[in-house]
1. For segment 348-357, name all the residues that are open to solvent by 30 Å² or more (accessible area, probe 1.4 Å) and in contact with an Asp or Glu (Cβ under 9 Å, 6 or more places away or on another chain).
2. With the checklist (1) open to solvent by 40 Å² or more (accessible area, probe 1.4 Å); (2) of a type in the set (Val, Ile, Thr); (3) at pLDDT 95 or above in hand, flag the one item Ile72 doesn't pass.
3. How many of the residues in segment 361-398 are surrounded by fewer than 18 Cβ atoms within 10 Å (Cβ to Cβ) and farther than 23 Å from Ser81 by Cβ?
4. I'd like to verify a number: residues in segment 221-250 that are open to solvent by 50 Å² or more (accessible area, probe 1.4 Å) and assigned to a helix (DSSP H, G or I), how many?
5. Of everything in segment 41-76, what is farther than 22 Å from Ile309 by Cβ and touching a strand residue (DSSP E or B) at 6+ places or on another chain (Cβ under 7 Å)? Give them in sequence order.
6. Looking at segment 121-156 only, could you name the residues that are of a type in the set (Ser, Thr, Tyr) and either modelled with pLDDT under 95 or more than 24 Å from Asp352 (Cα to Cα) (or both)?
7. Pull up segment 195-220, narrow it to residues that are open to solvent by less than 20 Å² (accessible area, probe 1.4 Å) and in contact with a Lys or Arg (Cβ under 9 Å, 6 or more places away or on another chain), then point me to the one that is farthest from Glu255 (Cα to Cα).
8. Step by step: first the residues of segment 378-426, then only those that are among the aliphatic types (A, V, I, L, M) and under 26 Å from Trp111 (Cβ atoms), then the one that is modelled with the lowest pLDDT. Which residue is that?
Amino acid sequence: MKHLYLTVLALIFLACNQGNGHKQTLKANTKIKDNSISGKTPNILFLIADDMGKEAISGFQEGTIKPKTPHIDNIRNSGLSFSNFWTYPTCSPTRASMITGKYGYRTNVRWANQILSPSELILQKYINNKTKNKYATALVGKWHLSGLDATSINPESFGLDYYAGIFKGSVKDYYNWPLMENGMNKTCTEYTTTKLTSLATDWIEQQEKPWFMWLAYNAPHTPFHVPPSEMHSQGNIPEYNSELNPIPYFMASIEAMDYQIGRLLNSLSEADKENTIIIFIGDNGTEPVVTQAPYGKNQVKRNLYQGGINMPMFISGKGVTRKGIDNNLITSSDMFATISEITGVDIPEINDSKSFKSLFTKEDVIRTYQYSEMKNDTKDAWTISNGTYKLMVFGNGNKEIYNLNDDPYEKNNLIKATLTPSLQQVKTELEQELLKIRN
């Protein structure tokens, strides 16, 4: 009897081990996600539109011509829209500030095509250093942080798990462009917005742990190439030339981006949708050729006026319980601490970055001042605002100050007149705060 009992136990033990082995093989082959883990830790989908200001998207009073963007509208309507989100006036410094949490003068990236030092600790590597590699990280799309050298630098060397996309600042042809993947360039003939979405979607589907997808579209950046017809509502528009109105082409590009965002979101399982926080931004103002009133053509991309740096930002999804418009002063550098906190890193402030994650669930005050800057071969300038007044200082000594409550589109430079004592005090306070920031 004793021998029979031991034999039965041995058979049960063997059967259990075989069953466990089968489960392990099945999981390895089919990549079943551990929902008990992903359910506690949110996925992060960070979407960046290129050269798209407030006047080019619904949800803002600026501009009269708007694209049809039901998926982006849903992100906005189901969460928060930030009215005072400041970036930089060109692509590279905005991206550098977000991925390092530092102002541009600290990284020496203050204009397009300037190079982020390989010694910088980027957001994705910081997160995984602090969380013991809890997240899978990817950057798909526009990189634009390593100048014009597309041969010696692979963005993955900064600490990304995966990079694929457009290494430089733009493409010459949306249907014939250099795609970098695995550190190598190859020619891609698929419409850029479609291909970038497919790369992001495919990568997400392969992940077995929480993921952070930084998806940086090159749309709606020039050139104005017509997207596939099913992706936009602008009609049968011909190939663009400089004699045509560029706005329908610009709108078509935005609508195609929205279409592809919808495709990506629809590819997610219901569990992943419920467990994903979505952040959507524009990186800087629109090109002057497609800007709309009330902005002037010298007040958008490449300038520190509101049309160049006060960009759309919508956030919704996992953990975002507030809805509507938030008026907090936010800077692009704040993305570093905020996304870090979303991943579970207890870091409300680091470098020049302050987390605004608290705003997802309650009213709060994040900053009393916000800052931006620019520096290229011909112009050096910086700006600061306390939410009401905005001071701009130029390297040649000129200064401008605006009351954004009374003059939101910066038509009346108050320094042209004699300043009242109270306004002189405000100017002095802003100048002192600038000294603190820049020193």
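1. Pro348, Lys354, Lys357
2. With (1) open to solvent by 40 Å² or more (accessible area, probe 1.4 Å); (2) of a type in the set (Val, Ile, Thr); (3) at pLDDT 95 or above applied to Ile72, the lone miss is (1).
3. 10
4. The total comes to 2.
5. Result: Pro42, Asn43, Ile44, Leu45.
6. The initial filter retains those residues of segment 121-156 that are of a type in the set (Ser, Thr, Tyr), namely 126, 131, 135, 137, 146, 151-152.
Those that are of a type in the set (Ser, Thr, Tyr) and either modelled with pLDDT under 95 or more than 24 Å from Asp352 (Cα to Cα) (or both): Ser146, Thr151, Ser152.
7. For segment 195-220, the residue satisfying everything is Pro210.
8. Kept after step one, since they are among the aliphatic types (A, V, I, L, M), are these residues of segment 378-426: 381, 384, 391-393, 401, 404, 414-415, 417, 419, 423, 426.
With under 26 Å from Trp111 (Cβ atoms) added as a condition, the list becomes 381, 384, 391-393, 401, 404, 415.
On the way: Ala381: 98, Ile384: 98, Leu391: 98, Met392: 98, Val393: 98, Ile401: 98, Leu404: 98, Ile415: 95.
Result: Ile415.
The values are calculated or read from the model by the stated rules, or taken from the named source; none is laboratory data. In this text, all values refer to a predicted model and were calculated from it rather than measured experimentally. Virtual Cβ from ideal backbone geometry, glycine too; neighbours counted across all protein chains shown. Just the protein is used for accessible areas: all its heavy atoms, side chains included, with ligands, DNA and RNA removed. Shrake-Rupley method; radii C 1.70, N 1.55, O 1.52, S 1.80 Å.
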